[in-house]
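Enquirer: Sharing a structure below in structure tokens format, with a few things to ask.
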Protein chains: 2
Amino acid sequence: MTKTKTLAARNALPLNEILAGDCIEVMNSLPEGSVDLIFADPPYNLQLRGDLHRPDNSKVDAVDDAWDQFGSFAHYDQFTRDWLAAARRILKPNGAIWVIGSYHNVFRMGAELQNQGFWILNDVVWRKSNPMPNFRGKRLTNAHETLIWASKAEGAKYTFNYEALKSLNEGIQMRSDWVIPICNGGERLKDDNGDKAHPTQKPEALLHRLIVGTTNPGDVVLDPFFGTGTSGAVAKMLGRDFIGIEREEAYREVAKKRLSKIRKFDREALEVSTSKRSEPRVPFGQLVERGMLRPGEELFSMNGRHKVKVRADGTLIGDDVKGSIHQVGAHLEGAPSCNGWTYWTFKRDGKQVPIDLLRQQIRAEMN
Amino acid sequence: MTKTKTLAARNALPLNEILAGDCIEVMNSLPEGSVDLIFADPPYNLQLRGDLHRPDNSKVDAVDDAWDQFGSFAHYDQFTRDWLAAARRILKPNGAIWVIGSYHNVFRMGAELQNQGFWILNDVVWRKSNPMPNFRGKRLTNAHETLIWASKAEGAKYTFNYEALKSLNEGIQMRSDWVIPICNGGERLKDDNGDKAHPTQKPEALLHRLIVGTTNPGDVVLDPFFGTGTSGAVAKMLGRDFIGIEREEAYREVAKKRLSKIRKFDREALEVSTSKRSEPRVPFGQLVERGMLRPGEELFSMNGRHKVKVRADGTLIGDDVKGSIHQVGAHLEGAPSCNGWTYWTFKRDGKQVPIDLLRQQIRAEMN
DNA sequence: TTCGCAATTGAATCGTTTG
DNA sequence: TCAAACGATTCAATTGCGA
């Protein structure tokens, strides 16, 4: 594609607007090869069954909107094929796409990206620092979502601001797992009733990292499932142009109002999430999983008065007590609490070694 | 499936052996519905077309004139379909499967799992604490791999040792992102030249968590891509039976040697924390029958707001309601459900005592 | 005004046994 | 087979209220 053609296409683009309508139709009306980056957060097809209550009997506000309902995997696949094809057409040859999803839909999206010739560059895990727990204790806490970053084709050039991401990460190469809190507090948009304006608003910090890392100032970022416009808001702050497409009028209104308040380089709120760092918590169970202590191995209290055995799940078992290193220590000492890390020792080469030494080893590895 | 049939199937299984051959053929030779857990770490190099073939050794009819991306995916998909179908057949109705992969193949595996009727329970991110950096600085450091945990079908039961995993995580619900170092150091198996024996040996810590969390002692764990036998080694340590399938003789030899050195942990160490759900049910009426509570005695809600009387048949009666401890609690709180055991208290020596204490007494006597 | 505790909430495929 | 009854289960963060 020639430079002239690219510029012509860009001039025909409705920049920094929210377009109403079905994203496939709207994208098909835009000029081919005209967009630098597409960020897409499509419906996840959650397939929820009944209601879910928290242990305190309060009801979980589920994502049960009509836009997330699909009759079958076949229907969802057709939908995915169609919007991805439309997205690919309007992407510049050196453009790229980000999609986000959960295990309900992300495997189908990823496979279809590959089928259509997109070239996956990374999958990125958004690790939520404060996810919703699994209330019934039937599965693991769903603590992450997956993003896929892909170029338009194998061998295509793509924008990657390596140094910018490295500085965002305190001088260390940015990894494929990003720890970012979910969107709540003041950032979470509310409607007139004080309820959340959109059930799945994404945090600006996520978009910030992704736009800084994979676009340049002046680039065009298109979002076919605009919602409340997080991608547009962050693009605007960072001096990129945006195009939003959204079917629901209520969401468009919220996004419009939000965007009117955004100023370029107005991003104080974003700096917070990257700075804080504390000593990582190391569960005792990790020492067992990693083979530093064997299930069945004996631990001895620092004062030499007590002996217990380690179990495969990282609990201890003594003559009349079982539980965590802290619980068992407290029980044996008749104390209200006990720091198991400084209380227990194990034997190596005839010597008593505090288990805290093993925790320090793990922490050293983590840095 | 009847108990007898299950036992018969188990007896026909070659337990704790490494079977030579193509995993699809070997799996098809095993009895249907006989395995508790499958762990699969399949090859994902989409370019290695020669690695893939059908059970009957016929060549898949791919678009194979020139090297062609879609042809390669079609080929890989056929391979995935075949081995997953074979795996599904030998899985017990209440069995489960774990697969692991990277962005090259995991989306195709996940989609095919869903297509075959497996029901995804969680996707899990193995977050590597010491990944290989991206030397060229062209992408993000690939710092994780993805696992998928799925039951055989929607609604099927599956084994999940919630409390054990919670213990491993020092009392906090286990999340879907697991931070575990890559396999190196003494754990990494070397060949006679001192080179690594297998390119993608998985850490035992990963398998430890997964086997403790989703199987019980005595379960059968099958691995169709056994490699150097990490799954078998950890299964053996943890008192599970394993079945390994591996095509390459060199890997089988390494695994065999490795497994011969593994010893099972003490039985006591293999017992893990269990939830209340696994304890025997005690009807509330027993407390009355045994004279622990007298008919006519008053119970008070934990929050102190409600008072009811115990009747001789083990039901409660309040001002405008009667029924079981659970029904009355739920009604008085206007809640969808209520655990009466933790909701009601009685008075002894002027103190409020939870009725659950009496249940614990009865359960203690039962042991 | 500030501190502390209680209440609220978030993309969720979130039971099992008995009769 | 199906309905009814039993009864197990939450983490981090923010907001709001009362002292």
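Enquirer: Which of the listed residues, A:Ala205, A:Gly101, A:Tyr251, is farthest toward the dipole's positive end in region A:2-269, when Lys, Arg count +1 and Asp, Glu count -1 at the beta-carbon?
Expert: Result: A:Ala205.
Enquirer: While we're on this one: Place the label 7 angstrom along Cα→C-beta at B:Arg139 and in each other copy, then list the distances from the first to the rest in nm, shortest first.
Expert: Result for B:Arg139, in nm, nearest copy first: 2.8.
Enquirer: If you place +1 on the Cβ of every Lys and Arg, -1 on the Cβ of every Asp and Glu, and leave all else neutral, what size is the dipole of region B:2-269 about its Cα centre, to the nearest 20 Debye?
Expert: 760 debye
Enquirer: Using unit Cβ charges (K, R positive; D, E negative) and no other charged atoms, how large, in debye to the nearest 20, is the dipole of region B:181-249 about its Cα centre?
Expert: The calculated dipole for region B:181-249 is roughly 280 debye.
Enquirer: Then there's this: Report, for A:Gln352, each distance to the same residue's label point in the other copies, shortest first and in nm; define the point 7 Å along Cα→Cβ.
Expert: 4.4
Enquirer: Give the residue list of GluC sites (Glu not before Pro) in region A:116-212 that are DSSP loop and have at most 12 other beta-carbon atoms within 10 angstrom.
Expert: Loop-located and lightly packed - A:Glu154, A:Glu170.
Enquirer: If you average the alpha carbon positions of region A:12-88 and of region A:299-367, how far apart do those two centres end up, in angstrom?
Expert: 50 Å
Enquirer: Antiparallel versus total DSSP beta bridges in chain B: what percent is that, nearest 5?
Expert: Roughly 60 percent of the DSSP beta bridges within chain B come out antiparallel.
Enquirer: Sticking with this structure for a sec: Where a Cα-Cα gap under 18 Å defines reach, which aspartates and glutamates qualify for A:Lys264, not counting those fewer than 8 residues away within the same chain?
Expert: A:Glu17, A:Glu187, A:Glu204, A:Asp219, A:Asp241
Enquirer: Write down the accessible area per residue of region A:284-366 in Å², having rolled a 1.4 Å probe over the full set of protein chains.
Expert: Value returned for region A:284-366: 47 Å² of accessible area per residue.
Enquirer: Please list, by residue number, every one of the GluC sites (Glu not before Pro) in region B:265-306 that is coil in DSSP and has at most 15 other beta-carbon atoms within 10 Å.
Expert: Answer in residue order: B:Glu297.
Enquirer: For B:Lys322, give me every one of the lysines with a C-alpha distance below 17 angstrom, ignoring sequence neighbours fewer than eight places off in its own chain.
Expert: Answer for B:Lys322, where 17 Å is the Cα cut-off: B:Lys307, B:Lys309, listed by chain and number.
Enquirer: Counting only protein heavy atoms and using a 1.4 Å probe, what share of the accessible area of region A:2-269 belongs to carbon plus sulfur, as a whole percent?
Expert: Carbon and sulfur atoms account for 49 percent of the accessible area of region A:2-269.
Enquirer: Could you tell me the convex hull volume per residue, in Å³, taken over the Cα atoms of region B:2-269?
Expert: Cα-based convex hull of region B:2-269, divided per residue, equals 155 Å³.
Enquirer: To continue, here is another question. Sequence-distant or interchain residues sharing an amide H contact under 5 Å with B:Gly95, placed H: which?
Expert: Long-range HN contacts for B:Gly95: B:Lys152.
Enquirer: Looking only at trypsin sites (Lys or Arg not before Pro) in DSSP loops with at most 12 other Cβ atoms within 10 Å, what is the longest site-free stretch of chain A?
Expert: With trypsin sites (Lys or Arg not before Pro) excluded where exposed in loops, chain A gives A:158-262 as its longest stretch.
Enquirer: Multiplying the sequence separation of A:Arg49 and A:Asp319 by 0.36 nm and subtracting their Cα-Cα distance, what value in nm do you get?
Expert: 92.7 nm
Enquirer: I would also like to ask the following. Once you have the Cα-Cα distance between A:Lys190 and A:Glu333, take 0.36 nm times their residue separation minus that, and quote the gain in nm to one decimal.
Expert: Between A:Lys190 and A:Glu333, full extension yields an extra 46.3 nm.
Enquirer: Under 19 Å from the 7 Å Cα→Cβ point of A:Arg247, by amide nitrogen: which residues of region A:59-85?
Expert: It comes to A:63-85, nothing else.
Enquirer: Do any residues of region A:97-117 lose at least 50 Å² of accessible area when the full set of protein chains is present rather than just their chain alone, and if so which, with a 1.4 Å probe?
Expert: So the qualifying set is A:Tyr103, A:Phe107, A:Arg108, A:Gln114, A:Asn115.
Enquirer: Specify, per residue and in Å³, the volume enclosed by the convex hull of the alpha carbon atoms belonging to region B:284-366.
Expert: 91 Å³
Enquirer: Relative contact order for region B:2-269: what percent, with Cα pairs under 8 Å and sequence separation of 6 or more?
Expert: 23 percent
Enquirer: Put +1 on the Cβ of every Lys and Arg and -1 on every Asp and Glu Cβ in region A:284-366; which of A:Ala330, A:Val353, A:Pro295 then has its Cα farthest towards the positive end of the dipole?
Expert: The listed residue farthest towards the positive side: A:Val353.
Enquirer: A further question on this structure: Just the number, please: buried accessible area between A and B, total of both chains, 1.4 angstrom probe, nearest 100 square angstrom.
Expert: Rounded to the nearest hundred, the buried surface is 6600 Å².
Enquirer: Are there residues in region B:236-270 whose accessible area shrinks by at least 50 Å² when all protein chains are included rather than the chain by itself, and which are they (probe 1.4 Å, ligands and nucleic acids not counted)?
Expert: Residues meeting the cut-off: B:Phe265, B:Glu268, B:Ala269.
Enquirer: Please return the longest range in chain B lying between exposed loop sites, taking chymotrypsin sites (Phe, Trp or Tyr not before Pro), DSSP loop only, at most 14 other beta-carbon atoms within 10 Å, and leaving the sites out.
Expert: It works out to B:136-367.
Enquirer: A follow-up question, please. Which distances, shortest first and in nm, link B:Glu25 to the matching position in the other copies, using label points set 7 Å out along Cα to C-beta?
Expert: Output for B:Glu25: 5.6 nm, nearest copy listed first.
Enquirer: Going from the alpha-carbon gyration tensor of the protein assembly as shown, what semi-axes, largest first and in whole Å, does one get by taking the root of 5 times each eigenvalue?
Expert: Over the Cα atoms of the protein assembly as shown, the semi-axes work out to 46, 36, 27 Å.
Enquirer: Work out the charge dipole of the protein assembly as shown with +1 on the Cβ of Lys and Arg and -1 on the Cβ of Asp and Glu about the Cα centre, then indicate which of B:Gly340, A:Ala164, A:Leu147 is farthest towards its positive end.
Expert: The residue sitting farthest along the positive end of the dipole is B:Gly340.
Enquirer: Nearest 500 deg cm²/dmol is fine: what mean residue ellipticity at 222 nm does chain A get from its DSSP H runs of n ≥ 4 alone, each adding -39,500 (n - 2.57), divided by its residue count?
Expert: Taking each H run of at least 4 residues, the total per residue is -9000 deg cm²/dmol.
Enquirer: From the cross-link list A:Lys157/A:Lys196; B:Lys166/B:Lys236; A:Lys347/B:Lys257; A:Lys92/A:Lys166, which pairs have alpha carbons spaced over 30 Å apart?
Expert: Violating the 30 Å Cα-Cα cut-off are A:Lys157/A:Lys196.
Enquirer: Let me ask something else about it. With a 1.4 Å probe and all protein chains left in place, how much accessible area per residue does region B:209-266 have, in Å²?
Expert: Computed with neighbouring chains in place, this is 35 Å² per residue.
Enquirer: If you put +1 on each Lys and Arg Cβ and -1 on each Asp and Glu Cβ, how big is the dipole of the protein assembly as shown around its Cα centre, in Debye rounded to 20?
Expert: For this selection, approximately 1620 debye.
The values are calculated or read from the model by the stated rules, or taken from the named source; none is laboratory data. Just so you know, these numbers come straight off a predicted model, no measurement behind them. Don't worry about glycine lacking a Cβ; one is built from the backbone with ideal geometry, like all the others, and counts go over all protein chains shown. Remember, those area values only see protein heavy atoms, side chains included, never the ligands or the DNA or RNA. Shrake-Rupley method; radii C 1.70, N 1.55, O 1.52, S 1.80 Å.
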